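Notes follow once the structure below has been shown.
The values are calculated or read from the model by the stated rules, or taken from the named source; none is laboratory data. Owing to the predicted nature of the structure, the values given are computational and were not obtained by experimental measurement. Backbone-built Cβ (ideal geometry, glycine too); neighbour counts: all protein chains shown. Surface areas here come from the heavy atoms of the whole protein model, side chains and all, with no ligands, DNA or RNA. Shrake-Rupley method; radii C 1.70, N 1.55, O 1.52, S 1.80 Å.
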Amino acid sequence: MKRLLSNGRRRAVVATAASALVLAGAALVVPSLAQAATTLGAAAAQSGRYFGTAIAGGRLNDSTYSTIAGREFNMITAENEMKPDATEPNQNQFNFSAGDQIYNWATQRGLKVRGHTLAWHAQQPPWMERMSGSALRSAMINHINGVMAHYKGKLAAWDVVNEAFNEDGSRRQSNLQGTGNDWIEVAFRTARAADPSTKLCYNDYNIENWSYGKTQGVYRMIQDFKSRGVPIDCVGLQTHFTGGSSLPSNFQTTLSSFAALGVDVALTEVDVTNASTTQYAGLTQACLNVPRCIGITVWGVRDSDSWRSNENPLLFDGGGNKKAAYTSVLNALNAAGPGPTGTPTATPTTPPPSGGANRIVGSQSGRCIDVPNSSQTNGTRVQLYDCHGQTNQQWTYTASKQLTVYGGSRCLDANGSGNGAAVQIYSCNGGANQQWNVNSNGTISGVQSGRCLDVWGTGNGQQVQLYDCHGQANQQFRLVAN
Ligand code: G3I
């Protein structure tokens, strides 16, 4: 986009955006009541984060449960249904029915999904529990490949390895550890090759206290992986402040220290004994204070859904009522507004870049928006792909805000306006769902929906969708003249 602007025009746009940012910053430090979001997901989205929950498939036909879950959260983790015992009950016979039930429920509502988990000492199917040595190593690799192939391009992240450390920071003894100390990096390398589009996380509990042995053990492994190029994108801190644990005062230090290694961090299984409001607000604030803390997931909806229900550790009581802890989290999220990373104000560029053919390059991925297989079929979803500048990657921004491809015979078209709506090609018809604002903050937003082009991941084949605009890297696109 910038390359299409003259220097003078570029300065003007930057100045306009800068003054808009100043105004937005001043206005959003303490949002007015009218601005405050009323659900956890929407409140977290203001700073480009998500707020999720674990879902148990067996509870989805409880309407109180599914109503709260669908309303409040925008990231979903299957509590048990994507674990090895569920997905490969017999060796090399995969079963995705329970996992898919949750995946479909979530994505039909525009909610994203984290995968949990691929390699773990617990919840292995009996045949895997009995295995050891090279046979188990092969079975682990086969399991990762089988499950990730099924969900390829569909998940925001995978907990590739779960709970592999002892409390003192040494490796936990398990049949997987017995296959050799390199089993974790083999799992991550296998996972990257299986689905380059999803974020790969290491996930564990009792790694919230920076001075704790286990935290340091995991930290050293991530540091080692990053130094040797072992693919890893994120660390999940389960954040179970139940069963005798509580929020440590140095939690933010832990989050920022992991983040400084070059990984995202996320709170992946939060629950707190008796739902202490100070602990819930504190853990939320710690995440908000760390730019690479990308989201928070609570481990269940109502107290009665919790694996530790006797501690009443969640944000909704057994009747589905919001607890005080809910309000403390919502208020913290709302007070943060766009957060320390800021959400640049989206203002359409004036005049828009128009006329010639452009590549639309994702800033995070470096890949181009591409029509798969050069298809001209209406309804073909667009994806990210290595830039090559062929006609299926040549987009023209017209004076009527269309993004046309194939010389104008097809338009970029939103199939719906909600979060997760598919972005596809369709015969140009002048509809508002085919009009796009190319914004000064690098986002491209739909005129009809107000939502932004968004990708979860960076790999070839990653599909483009609409999502609430937050201006983070996965919503940044540049129009680059061919
Ligand atoms: O569904 C069966 C039921 O048919 C059977 O009669 C019953 C008999 O025990 O078991 C039921 O399955 C249980 C399942 O939860 C569903 O409720 C399993 O026994 C039970 O072991 C399983 O517990 C899960 C636990 O992981 C297993 O390790 C919890 O729901 C789940 O919340 C918990 O989640 C873990 C994360 O994956 C990793 N971090 C810790 C977290 C809490 O332990």
Could you say whether any residue in the stretch 268-280 is more than 17 Å from the chain's Cα centre (by Cα), within 16 Å of the ligand (Cβ to nearest atom) and over 23 Å from A157 (Cα atoms)? yes
For the stretch 295-324, enumerate the residues that are open to solvent by 10 Å² or more (accessible area, probe 1.4 Å), within 16 Å of the ligand (Cβ to nearest atom) and part of a strand (DSSP E or B). R302
Would you please name the residue that is least open to solvent (accessible area, probe 1.4 Å), looking only at residues in the stretch 103-128 that are assigned to a helix (DSSP H, G or I) and within 16 Å of the ligand (Cβ to nearest atom)? M128
Could you check how many residues of the stretch 50-74 are open to solvent by less than 30 Å² (accessible area, probe 1.4 Å), within 15 Å of the ligand (Cβ to nearest atom), not small (G, A, S) and not in a helix (DSSP H, G or I)? 3
Can you find even one residue in the stretch 419-437 that is touching a helix residue (DSSP H, G or I) at 6+ places or on another chain (Cβ under 7 Å) and more than 20 Å from S374 (Cα to Cα)? yes
Please specify each residue of the stretch 38-49 satisfying the condition of being more than 10 Å from N74 (Cβ to Cβ) and either open to solvent by 10 Å² or more (accessible area, probe 1.4 Å) or free of Cβ contacts under 8 Å to residues at least 24 places away in the same chain (or both). T38, Q46, G48
Do we find a residue being out of contact with any His (no Cβ under 7 Å at 6 or more places or on another chain), among the hydroxyl-bearing types (S, T, Y), farther than 24 Å from G48 by Cβ and more than 13 Å from the ligand (Cβ to nearest atom) anywhere in the stretch 90-102? yes
Need pairs with beta-carbon distance below 7 Å; first residue within 25 Å of W456 (Cβ to Cβ) and within the stretch 197-223, second open to solvent by 40 Å² or more (accessible area, probe 1.4 Å); sequence gap 6+ or separate chains. S197/T458; L200/R192
